[in-house]
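Peer 1: One structure coming up, written as structure tokens, with questions to follow.
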Amino acid sequence: MTINTNNTLPGSSTPTSSPSTAALAGGMSQSDFLKLMTTQLRAQDPTNPVDNSQFVSQMAQFSQLSATQDLLTSVNSLGSTVSGALQTSQMLGSSSLLNRQVLVPSSAISYSGSSVTGAANVSTAGNVTVNIVDATGKVVRSMNLGSQSSGLSQFTWDGKDDSGNPVAQGAYSMAASSNGSSLDTYVAGAVTSVGYGGTGVGTYLQVAGVGGVALSQVAQIL
């Protein structure tokens, strides 16, 4: 028995598509391919069968489809394996950051009595001002960093107010500006642990005084 890819189904005037064509167009599975091919065998006109070469061609295309799907499965499996290996390698490499100081995005400061290192991301060269604000919203310290070039501009807050008096330990925030525009701020903290937060986060660092931060967000290693 042969398959006629040009025959019509009973009651239809439109030629049916071959299983291989439908497979390429719709991305069908091997099971779908076999069902369509079987349907064509049943629906062909017995008075006008096609030659055996066309049936062999259909089977060859089925074998090609099967091989392609097997290849895709293997590639996807290899991709997952490589991705897992890269993730493991990244975590192991990040372990070298333990106890190191890193600059990460933050406007919050957890002041514990020691000097705090921070930075402002200067987009356009100009004078930069950094304000330290307490929990009530009061500016306790205003630091003029002077003219800064574009890039990360570091500063250190010694924990004192504008009068030179030590401030109480606790939560503070900082705000940086230049030429009338707000700037993104960063704070330094020690890396206490390294973890993996899933595909959406990837490798992350636990930074003292900040919390969990994606490795990709680390601006600078001090």
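Read the figures in this text as sums done on the coordinates, not as results from a lab. Keep in mind the model is a prediction, meaning the values are calculated, not measured. Glycine gets a Cβ as well: all are built from the backbone with ideal geometry, and neighbour counts include every protein chain shown.
Peer 1: Quick one: which residues, 5 or more positions from GLY159 or on another chain, have an amide H under 5 Å from its amide H? H modelled 1.01 Å from N in the peptide plane, none for Pro or chain starts.
Peer 2: For GLY159, whose amide H was placed from the backbone, the distant partners under 5 Å are VAL116.
Peer 1: With a point put 7 Å past each Cα toward its Cβ, work out how far SER107 is from ASP32 in nm, to one decimal.
Peer 2: 5.0 nm
Peer 1: Here is a follow-up. Can you tell me how region 96-221 classifies by the Cα gyration tensor, rounded, prolate or oblate, using a/c under 1.5 as the rounded cut? Numbers along the way, then the final one.
Peer 2: Details: a/c = 2.18, a/b = 1.39, b/c = 1.57.
Here region 96-221 falls in the oblate category.
Peer 1: Say R0 is 22 Å: what FRET efficiency, to the nearest 0.05, do THR129 and GLN220 get from their beta-carbon distance? Display every interim value, and only then the final one.
Peer 2: Numbers: r = 21 Å, r/R0 = 0.96.
Efficiency at R0 = 22 Å is approximately 0.55.
Peer 1: How large is ³J(HN,Hα) for each residue in region 102-119, as worked out from phi by the Karplus curve 6.51 cos²θ - 1.76 cosθ + 1.60 (θ = phi - 60°), to whole Hz, x for Gly and Pro?
Peer 2: Each residue of region 102-119 in turn: 10, 9, 10, x, 5, 10, 9, 10, 9, 7, 10, x, 9, 4, 10, 9, x, 7 Hz.
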